[in-house]
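*Asks:* I am attaching a structure below and will ask some questions about it afterwards.
The values are calculated or read from the model by the stated rules, or taken from the named source; none is laboratory data. What you are looking at is a predicted structure, and each value in this text was computed from that prediction instead of being measured. Neighbour counts are summed over all protein chains in view; Cβ atoms, including those assigned to glycine, are modelled from backbone coordinates with ideal geometry. Surface areas here come from the heavy atoms of the whole protein model, side chains and all, with no ligands, DNA or RNA. Shrake-Rupley method; radii C 1.70, N 1.55, O 1.52, S 1.80 Å.
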2 protein chains.
Amino acid sequence: MKTGKTVITDPFWLRYRSVVRREMIPYQWKVLNDEIDVNIERERNDSSIPNEKSHALENFRIAAGIHEGHHYGWVFQDSDVYKWLEAVAYSLMEEPDESLKKMADSVVDLIAQAQEDDGYLGTYFTIEEPYRKFKSLMNSHELYCAGHFMEAAAAYYEAVGNQKVLDTAMKLAEHIEKALGPDGEFGYDGHEEIEIGLMKLYHLTGEERYLRLSNYFLRIRGTDEDFFGDQKKTDPGKKPVIGGMDQLTRRYFQVHKPPVEQDTAEGHAVRLVYLCTAMADVAASSGDQDMLDACRRIWRNIVDRRMYITGGIGSTVHGEAFTFDYDLPNDTMYCETCASVGLIFFAAQMLRNESVGEYGDVMERALYNTVLSGTALDGKHFFYVNPLEVNPAASQLDPGKSHVKPVRPEWLGCACCPPNLARLLASVDRYIYTVKENQCLVNLYISSTADLTVSGGSVKITQQTDYPESGTIRIQVSAQQDHPFDLGLRIPGWSRTYEVTMDGNEAGCSSGVYKNGYFYIRNLTGEHEIILILCMEPRFWRADPRVRDDVGKVALTRGPVVYCLEEVDNGKNLHLLSVDPAGKTEGETEDGELGHIIRITADGRRIREPEDGQSLYRPADETEPQEENVRLSFIPYYTWANRGSNEMSVWVRTV
Amino acid sequence: MKTGKTVITDPFWLRYRSVVRREMIPYQWKVLNDEIDVNIERERNDSSIPNEKSHALENFRIAAGIHEGHHYGWVFQDSDVYKWLEAVAYSLMEEPDESLKKMADSVVDLIAQAQEDDGYLGTYFTIEEPYRKFKSLMNSHELYCAGHFMEAAAAYYEAVGNQKVLDTAMKLAEHIEKALGPDGEFGYDGHEEIEIGLMKLYHLTGEERYLRLSNYFLRIRGTDEDFFGDQKKTDPGKKPVIGGMDQLTRRYFQVHKPPVEQDTAEGHAVRLVYLCTAMADVAASSGDQDMLDACRRIWRNIVDRRMYITGGIGSTVHGEAFTFDYDLPNDTMYCETCASVGLIFFAAQMLRNESVGEYGDVMERALYNTVLSGTALDGKHFFYVNPLEVNPAASQLDPGKSHVKPVRPEWLGCACCPPNLARLLASVDRYIYTVKENQCLVNLYISSTADLTVSGGSVKITQQTDYPESGTIRIQVSAQQDHPFDLGLRIPGWSRTYEVTMDGNEAGCSSGVYKNGYFYIRNLTGEHEIILILCMEPRFWRADPRVRDDVGKVALTRGPVVYCLEEVDNGKNLHLLSVDPAGKTEGETEDGELGHIIRITADGRRIREPEDGQSLYRPADETEPQEENVRLSFIPYYTWANRGSNEMSVWVRTV
């Protein structure tokens, strides 16, 4: 799948990537090593969950026989290490760093030492319950962790050529194939991920067996919907590894029917998008039309009925899950950072299957909003849950909203999101282009230099842009004369207009054509300067009226960036505000606490709070709400909660 | 406190009371005896709670030594029997029934047999953990059950003069006084109720010791806010009797500070109103001004900031509790039937303290809405939770709303609400009048005949009315000549106008005066006909704009009855509807599935559902919602969910 290398030069993204390199990776390293007294914020008030420290690397040391002791933490604690290693790999590709490489090499050595002779890798079961390996797959996360290791291994091998990491991963894959492949026991993991990891090994090595095994797991999933229950009945363990999960339904695990027959996005949101990522990858890599059709159906269900305007998914905290069509509550939802990361993976794989701009649009929506919102501007505080409406009093005093944090905690009891975010930000260069045959799609507009292979020829593409501040993207293309290719520029759905010029001339019908969200400049060869101008004027959006919680409300965007109101700018009780979507908006550049942003003001009204002593309920004819004109001040959603605990709202009532 | 007897003759209430007598009491009797295969609906999906059967009377048989076996069910299972007995008592006062009396007498015999020699009564601890009596008061519900028994005993003694029930209750009170009174161990119950029960004994017997003990429990509560925790540390039991409660806060139990110092309604809503009922009773009975002031503050907080328009209280399912000011979500709240029953108790006691119409208004609001909504029209199905907005899909697919049932279940795992409802409906005659010194307040308008003692003279008051269908109330008063008294007619806050005539003449300034919600006809003696005409035109109401969930919405009432929209009358997706509060409403009498009601129609609009295939988010300027005029059809809230599972909404957007 490797078709070139892209180097990001964009200040907007370099800042984030530098935060990953300078803050997240070293910070996470210390956490993994228990060198930090972490102010853990528990996901829920579940005192049965141990999470006072990470212990993740210590688990490997114990499994490797270097230290004595017990496993500590989640059964999937290993994956924190793997995700860290994967983020390090991307970071090293961007900027070599000998001391970081040394750390990572030592982690690889440790992982290899913790691997058992037969190839099994998984510290919990190696240390605590070896007799129970692969016997409680609903909750054990064994293949989930293996998948993350394979992803990390592929990336780290690509980054520095470390043979040991690849060997370890291949040995693990072989072990899993033997144990659970077509000739082994029937079984698949409760948390999809191995299917992605195997595809990464496939793309790296070209070995068909990994594609076949990934496809096998996808194909047998849900064919026996009682499998998890049956395995539970004969589970030799004393207690389930993670409590409570057995109460959740088959939909939670996407085993209610075989994935290839599924039509809707069900269950745990991260699991679902990981499943779809693997399915779309297998479909693109093998031409499996049934699998592609299933991906298309589930995609349509997400995008048409179950996705927030921020690219967030997962309408309820209970099971961190999808619920039902058009159910998109703004203040009780989950919208996990990891789920939006996974949605980007899914979109990227769908782009390999078909050149449809919507995939890029959703990727961009998730990236600039829910994903970036997942981290504080300092790179050291993280959201799991990315609400569209927050009232700190509710977070504090209504236990039904206690999962909705008004400020980002330092680290999380279940530490999946921060390293997932780090690996995405560190690899964002990989999502800019999709190259296939004689086509190169430009999905993301990020200043960068890319050396690609398209149509068998080498192509150099340089993007210069202040996007998303500016809508002007200058693209220098230098392509071999005898390898013509089509360059597809994504025309975002949010842009009211667009303009493309090539070498100073309007790129009209003769050289260009619009199709399915991309504007193609066809049969490109030689050197050209292409300029794309997107319309960046602020726009208000309405949700489909079937979305109960958004009726009578609008949301503001500018380019790909969703905006929101914060209390610190607009006063308490944001629900008293309304906005005139037909009124004049003004954007103004600002460099301050929120970094370099464009603040947008708009005409609005505020209902006056009544004097004290008035009745809670008053006759409608005697109490027309008293309103005053105000100027509303919107900031980019991804910068919210960087100025202390305060109210926030994306959707605003219309005047 | 007994000041007379009131016999209800009103068809509206006779129907409910007949349902209590003919359906609820016999049905509950069978349940208590495990004679019914109950289709239990669990309150939550907590598999640790045993509730497949009631076993309540069997527990008594085992405790009495008649049968062998173990206690089964909630630790407070005994209270189901007591509440049944109390309902039976009121029912027998209304209409003697020898076979019902026999049943009840046999229950009294059984309870007396289950009482230990020293006076202790409580089947769980007698059977299972006698060494643990009064040692785990946070969760044990021992005094809670005792309080319910005292209430039942006082009522049953009053009804049929059964001496054994009174003796048993007094022996129990003496035991508790010895064990936990001023000369015993320090302690009070996690669930307030004993304080009410003791006051019932006080009012029946006139014995000051019961008043003193009630006051003592109220006064020591919260003086040591660590008491529950400390007792837990030395609890000799193997496990808490009810799991999970120890995670809840001191506010849940109203022990964060002494009740007399509390300003806001905190914690479990039923507990809070029971606490306040006792405080208001003690204040009225002893003239304790501090206690009255605390009641007034908490009342103001409830009524001004924490009460639904239906008289429901408890904004969250988590702890079935209050949350914070103006937090009144319509679709996730609790609004337990029992809590509104308790709010009526509280209001009734406040009326003894001060003649303020608002207490009657709230009593009426709770009674005609949340309380009546608690039972299906057949009297055999019950709501715990009384939502103001329901979407059956959400109840089914969003676990955060699984407590919100779209139809009333037959019986409930924790069976507090049905018997609580039964005892209130069976005793509703007691809330019609408040008599004090030379004043008789008419709080509720219900056709009835009352023989009262006011100002030391006997007074007969006959009400004739079709209220709440009609706003005309005809009151015949016949009073002794030498005992003049003031008759106060409550003028409900919802009535736009009122008109009072006495013997055909306008009751103007000379004979009548309006004060604090009552219109007083002063110095009444002899025979008079007073006619009160209230304005029953339908009215739309707005909530204080600080109530986030009701901004831009109105609710419809007619008289004391809150109305709602149901899907069966108005189609799916009720949130697409809006109403014109300035438009014309029409009421029409209807006799059908919902009984005899007035249906109200109003001008409104419906947003058209978009064609399939449109984007979930669309530019505001291209998507002005398409609306069509519709006629909305409202039904009384208390009749909702009697026509199968469907959407319901009290608050409706304005056009």
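*Asks:* Label position 7 Å from Cα toward Cβ: report the copy-to-copy distances for A:Arg300 in nm, one decimal, ordered from shortest.
*Replies:* In nanometres, ordered from closest: 6.0.
*Asks:* Roughly speaking, what is the centre-to-centre gap between segment A:556-628 and segment B:466-495 when only Cα atoms are used, to the nearest Å?
*Replies:* So the two Cα centres are separated by 49 Å.
*Asks:* Ignoring ligands, DNA and RNA, how do A:Thr205, B:Thr623 rank by accessible area with a 1.4 Å probe, largest first?
*Replies:* A:Thr205, B:Thr623
*Asks:* Please state the relative contact order of segment B:433-534 as a whole percent: Cα pairs under 8 Å, 6+ residues apart?
*Replies:* Relative CO of segment B:433-534 lands at 28 percent.
*Asks:* So which GluC sites (Glu not before Pro) in segment B:574-624 pass both tests, a DSSP loop state and at most 12 other Cβ atoms within 10 Å of the Cβ?
*Replies:* In loop regions of segment B:574-624 (DSSP not H, G, I, E or B), the sparsely surrounded GluC sites (Glu not before Pro) are B:Glu593, B:Glu611.
*Asks:* Please tell me which of these pairs span more than 27 angstrom C-alpha to C-alpha: A:Lys5/A:Lys53; A:Lys135/B:Lys401; A:Lys53/A:Lys101; B:Lys83/B:Lys257; B:Lys133/B:Lys257; B:Lys5/B:Lys380?
*Replies:* With Cα atoms farther than 27 Å apart: A:Lys5/A:Lys53; A:Lys135/B:Lys401; B:Lys83/B:Lys257; B:Lys5/B:Lys380.
*Asks:* Roughly how far apart, in whole Å, are the Cα centres of segment B:309-327 and segment A:152-183?
*Replies:* 54
*Asks:* Using the C-alpha gyration tensor of segment B:433-534, what are the square roots of 5 times its eigenvalues, in whole angstrom, with the largest one first?
*Replies:* Taking √(5λ) for each Cα gyration eigenvalue gives 20, 15, 13 Å.
*Asks:* Give me the accessible area of A:Ser447, 1.4 Å probe, in Å² rounded to the nearest 10.
*Replies:* 10
*Asks:* At 20 °C and a viscosity of 1.002 mPa s, what translational diffusion coefficient does Stokes-Einstein give for chain A, taking Rh as the Kirkwood radius over Cα pairs? Give it in µm²/s as a whole number.
*Replies:* 83
*Asks:* If you don't mind, another one. List the distances, in nm and shortest first, from the label point of A:Thr223 to the matching label points in every other copy, placing each point 7 Å from Cα along the Cα-to-Cβ direction.
*Replies:* 7.3
*Asks:* Got the relative contact order for segment A:25-242 handy, in percent, Cα pairs under 8 Å and 6 or more residues apart?
*Replies:* Averaging sequence separation for qualifying contacts and normalising by length gives 20 percent for segment A:25-242.
*Asks:* Right, another one. For segment A:526-571, list whatever residues lose no less than 50 Å² of accessible surface once every protein chain is in place, relative to that chain by itself, with the probe at 1.4 Å.
*Replies:* A:Trp541, A:Arg542, A:Pro545, A:Arg546, A:Arg548, A:Val551
*Asks:* What 222 nm value per residue comes from the helices of chain B, counting each DSSP H run with n ≥ 4 as -39,500 (n - 2.57) and dividing by all residues, nearest 500 deg cm²/dmol?
*Replies:* That calculation yields -10000 deg cm²/dmol at 222 nm.
*Asks:* So, for segment B:539-654, what is the accessible surface per residue at a probe of 1.4 Å, expressed in square angstrom?
*Replies:* 38
*Asks:* Excluding ligands, DNA and RNA, what is the accessible area buried between chains A and B, summed over both sides, using a 1.4 Å probe, to the nearest 100 Å²?
*Replies:* Heavy-atom accessible area buried at this interface is about 5100 Å².
*Asks:* Mind running the shape call on segment A:25-242? Use the C-alpha gyration tensor, a ≥ b ≥ c as the square roots of the eigenvalues: rounded below 1.5 for a/c, prolate if a/b tops b/c, oblate otherwise.
*Replies:* Here segment A:25-242 falls in the oblate category.
*Asks:* So how exposed is A:Met333, as accessible area in Å² (1.4 Å probe, rounded to 10)?
*Replies:* Counting only protein heavy atoms, the figure is 0 Å².
*Asks:* Counting only C-alpha contacts under 8 Å and six or more residues apart, can you give the relative contact order of chain B as a whole percent?
*Replies:* Relative contact order, chain B: 12 percent.
*Asks:* Sticking with this structure for a sec: Ignoring ligands, DNA and RNA, what percent of the accessible area of chain B is carbon or sulfur (1.4 Å)?
*Replies:* Result for chain B: 46 percent of the exposed heavy-atom area is carbon or sulfur.
*Asks:* Once you order the gyration tensor axes a ≥ b ≥ c over the Cα atoms, which shape class does segment A:455-608 get: rounded for a/c under 1.5, otherwise prolate or oblate by comparing a/b with b/c?
*Replies:* Prolate, because a/c is 1.5 or more and a/b exceeds b/c.
*Asks:* Once the label point is set 7 Å along the Cα-to-beta-carbon vector, what list of distances in nm do you get between B:Ala582 and its counterparts in the other copies?
*Replies:* So the distances to the same position in the other copies read 1.8 nm.
*Asks:* Given that compact globular proteins tend to follow 2.2 N^0.38 Å, what is the ratio of the alpha-carbon Rg of segment A:539-654 to that value?
*Replies:* For segment A:539-654, the normalised Cα radius of gyration comes out at 1.15.
*Asks:* Counting only complete DSSP H runs, which helices of chain A cover 15 Å or more along their long axis at the Cα atoms and score a mean Kyte-Doolittle of 0.0 or above?
*Replies:* A:98-114, A:142-160, A:194-205, A:269-286, A:337-353
*Asks:* Could you report segment A:433-534's accessible area per residue, 1.4 Å probe, as an integer in Å²?
*Replies:* For segment A:433-534, the per-residue accessible area is 41 Å².
*Asks:* Run through all the Cα pairs of the protein assembly as shown and give the fraction in each 20 Å bin from 0, expressed as whole percent.
*Replies:* P(r) over the protein assembly as shown, rounded to whole percents: 10, 35, 32, 18, 5, 0.
*Asks:* With the dipole of the protein assembly as shown worked out from charges on the C-beta (+1 for Lys and Arg, -1 for Asp and Glu) around the Cα centre, which of B:Thr6, B:Pro625, B:Gln439 lies farthest toward the positive end?
*Replies:* B:Pro625
*Asks:* Additional query: Check each of the trypsin sites (Lys or Arg not before Pro) in segment A:447-513 and keep only those in coil by DSSP with at most 13 other C-beta atoms within 10 angstrom; list them in order.
*Replies:* Those satisfying the criteria are A:Arg496.
*Asks:* Could you report the accessible area of B:Ile344 in Å², rounded to 10, computed with a 1.4 Å probe on the protein chains as they sit in the structure?
*Replies:* That residue has around 0 Å² of solvent-accessible surface.
*Asks:* Please compute the average number of Cβ atoms from other chains found within 10 Å of each residue's Cβ in peptide B:604-615.
*Replies:* Shielding by partners across B:604-615 averages 2.
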